[in-house]
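Q: Take a look at the following structure, please.
The values are calculated or read from the model by the stated rules, or taken from the named source; none is laboratory data. Just so you know, these numbers come straight off a predicted model, no measurement behind them. For neighbour counting, all protein chains shown are included, and Cβ atoms are generated from backbone atoms with ideal geometry for every residue, glycine included.
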């Protein structure tokens, strides 16, 4: 019992740290809206301001994943979080100096990439890793829901500077929680793949799963980036937009925790395909009916399905390698997708045609579905 409590504390701490490392993705439309409204950035500049930090997170996390099983997790998290905290504070004071701001976000991304790879790989060390990933996704949508509701409503009060200062406090909480981390797992030493990190991460099943995860994130962030702006041009109020995004994000909590109930009774790929089809259906609905009830329902469907799919993807990666190298690589590389989503969406939304970002998202979801179904056929596993 004592060991279970210790494991729960560690999994909770790891999940919170991992969530803090990806806050630009979780608050994407609110962050882009703030940069456009309060820092006078164009939609293109705001999209790439988020993308450049996320690219850095992806690169650092992927490189760390190769040797993550040999590192001092607690020390890595602490050092990287200290650097990220300083960069978040600098972001608040350099947002109107766009070149310096971009450089600060690059350094922030590198530091958070190390922290993310460290924390997410550690979750895979536990026998109940599926529960850990469900907890991680549930926390994501709590943070996302609160951020997407509070930021638009209080944007004039806090400004873009207050947004970054708020996450300085989140960084400090994550730094405190590193005391609960365990450097090594006793559960996986005998069962884990003994091959080198490079060989395991670059194996065909791992590459297919990582590519699928990356495309999945690109599909989600491409629609997520401008769904708030779409509400604005559709003449919805700030309250209506904020409430719809809040409820959608909060529905991500039961979505992420669904894996506790479903487990692997249907395998991992079938539930994943079901979730992707929900997302596609939601976007088709939004493209064809322009009203607040549709906007609200679509937000709910997208929030639930995004969270529903993620624990199954991460569990699939963890099944490939129990040392956490593949899930760390996949989660990190998926940030390229998270960055490409708003980056490509920024290109296609010329003249404020935000509907184009939804069309892009549908195409990416379809490719994602093909990749994961191909992985199932290739490996013969669910």
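Q: Yes or no: residue 91 modelled with pLDDT of 85 or more and under 20 Å from residue 338 (Cβ atoms)? Write out each step before concluding.
A: Details: modelled with pLDDT of 85 or more: yes; under 20 Å from residue 338 (Cβ atoms): yes.
Yes; evaluated as a whole, the condition is true for this residue.
Q: Collect the residues in segment 64-89 that are touching a helix residue (DSSP H, G or I) at 6+ places or on another chain (Cβ under 8 Å) and within 17 Å of residue 329 (Cα to Cα), keeping them in residue-number order.
A: Listed by number, the residues that qualify are 64, 65, 66, 67, 68, 69, 71, 73, 76, 77.
Q: Looking only at segment 278-319, count every residue that is at pLDDT below 85 and either surrounded by fewer than 24 Cβ atoms within 10 Å (Cβ to Cβ) or under 21 Å from residue 144 (Cα atoms) (or both) and tell me the total. Before you say what the answer is, go through the steps one by one.
A: First, pick out the residues of segment 278-319 that are at pLDDT below 85: 289-290, 318-319.
Next, only the ones that are either surrounded by fewer than 24 Cβ atoms within 10 Å (Cβ to Cβ) or under 21 Å from residue 144 (Cα atoms) (or both) stay: 289-290, 319.
Selection size over segment 278-319: 3.
Q: Is it the case that some residue within segment 104-125 is more than 19 Å from residue 20 (Cβ to Cβ), surrounded by fewer than 24 Cβ atoms within 10 Å (Cβ to Cβ) and either in contact with a helix residue (DSSP H, G or I) (Cβ under 9 Å, 6 or more places away or on another chain) or touching a residue at least 12 places away in the same chain (Cβ under 8 Å) (or both)?
A: No, that holds for no residue.
Q: While we're on this one: From 60, 92, 39, grab the single residue that is touching a residue at least 60 places away in the same chain (Cβ under 8 Å), in contact with a helix residue (DSSP H, G or I) (Cβ under 6 Å, 6 or more places away or on another chain), surrounded by fewer than 24 Cβ atoms within 10 Å (Cβ to Cβ) and under 30 Å from residue 203 (Cα atoms). Steps first, please.
A: On the way: 92 fails: under 30 Å from residue 203 (Cα atoms); 39 fails: under 30 Å from residue 203 (Cα atoms).
Of 60, 92, 39, the one residue that is touching a residue at least 60 places away in the same chain (Cβ under 8 Å), in contact with a helix residue (DSSP H, G or I) (Cβ under 6 Å, 6 or more places away or on another chain), surrounded by fewer than 24 Cβ atoms within 10 Å (Cβ to Cβ) and under 30 Å from residue 203 (Cα atoms) is 60.
Q: Which condition breaks for residue 74 when tested against (1) buried (at least 24 other Cβ atoms within 10 Å of the Cβ); (2) at pLDDT below 85; (3) over 30 Å from residue 155 (Cα atoms)?
A: Exception for residue 74: condition (1).
Q: Give, as residue ranges, the helices (runs of 4 or more DSSP H) completely inside segment 195-254 that count at least 3 residues that are within 18 Å of residue 313 (Cβ to Cβ) and at pLDDT below 90. Talk me through it step by step, then tell me what you get.
A: On the way: elements: 197-201, 204-225, 227-233, 238-250.
Output list reads 204-225.
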